[in-house]
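See structure below.
Since every read-out is calculated from the coordinates, none of them should be taken as a lab result. For clarity, every value in this text was computed on a predicted model and none was experimentally measured. Cβ atoms come from the backbone with ideal geometry, glycine included; neighbour counts cover every protein chain shown.
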Amino acid sequence: MDSFKEQIIRKENTSKDSTMRFLIAFACVALSFAVIMFTIMLSGFFPMALFISGLIVYGGVHLIQNLNLEYEYIFTNGDLDIDKVIAARSRKHLATLKVNDATDIGEYKGSDSGSRTIIMASAMNSEMQDWYMDIKHADLGDVRLIFTPDDDMLRVIKTHLPRTIRSKVNVSDKPAEDFE
């Protein structure tokens, strides 16, 4: 039987994201103002200054929108694909991981140690539980995936984990609606 599960998780805005939005907006306004003042001092080329200021504002809006991130987890027959969706208009494939190659899994508490590749695909939401999964990857070496799966995704992943670590995932084998 084939296993398939898809989940999209929206990354919450952090204080770093808010600071970046403010700095980009401030830089755009300041740069646009400087371009317009420079052209007034040169007494000419005012339409060109408005055009350049418009481009600066457009670029700033584009940069601010790029801070809106979603992560998509697609689980298919033991393979977990992680994609980053940027501003709902472009997609970047982060990795394809074989769950049966996992060496450890658990609830993420916020500490990383060692020299491994870290794939951060978390919602950064304090109300949701983040998980980590350590995997031996052919190209990336030792990988730690930090992600925010729901119970359905954990259920599907658990069935493909090696037996030695399967018990670390505390989720029921059946969805809650099956118990009613």
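Could you grab me the full set of residues in segment 7-28 that are more than 12 Å from M124 (Cβ to Cβ), in contact (Cβ under 8 Å) with a residue 12 or more places away in the chain and of a type in the set (A, V, I, L, M, F, W, C)?
First pass over segment 7-28, keeping only residues more than 12 Å from M124 (Cβ to Cβ): 7-8, 18-28.
Filter once more, so that each one left must be in contact (Cβ under 8 Å) with a residue 12 or more places away in the chain: 7-8, 20-21, 24-25, 27-28.
Within segment 7-28, I8, M20, I24, A25, A27, C28 meet the criteria.
Of all residues in segment 64-100, how many are of a type in the set (D, E) and surrounded by fewer than 17 Cβ atoms within 10 Å (Cβ to Cβ)? Residues in segment 64-100 being of a type in the set (D, E) and surrounded by fewer than 17 Cβ atoms within 10 Å (Cβ to Cβ): 2 in total. Taken across segment 123-133, residues that are surrounded by 16 or more Cβ atoms within 10 Å (Cβ to Cβ) and under 30 Å from V61 (Cβ atoms) do occur, with at least one present. Determine the pairs where a residue that is without any contact (Cβ under 8 Å) to a residue 60 or more places away in the chain and within 20 Å of M120 (Cβ to Cβ), located within segment 62-84, has a partner that is buried (at least 17 other Cβ atoms within 10 Å of the Cβ) and among the small types (G, A, S) with Cβ atoms under 8 Å apart, the partner being 6 or more residues away or on another chain. If the second residue must be buried (at least 17 other Cβ atoms within 10 Å of the Cβ) and among the small types (G, A, S), the pairs left are D81/A95; K84/A121. For D112, the test of being farther than 27 Å from F22 by Cα, not in a helix (DSSP H, G or I) and not hydrophobic (A, V, I, L, M, F, W, C) is passed. Remark: pairs (first residue in segment 120-141, closer than 19 Å to H93 by Cα; second residue in a strand (DSSP E or B) and of a type in the set (S, T, N, Q); Cβ separation under 7 Å; 6+ apart in sequence or on different chains) = D134/T103; I135/T103; K136/T103; L140/T117; G141/T117.
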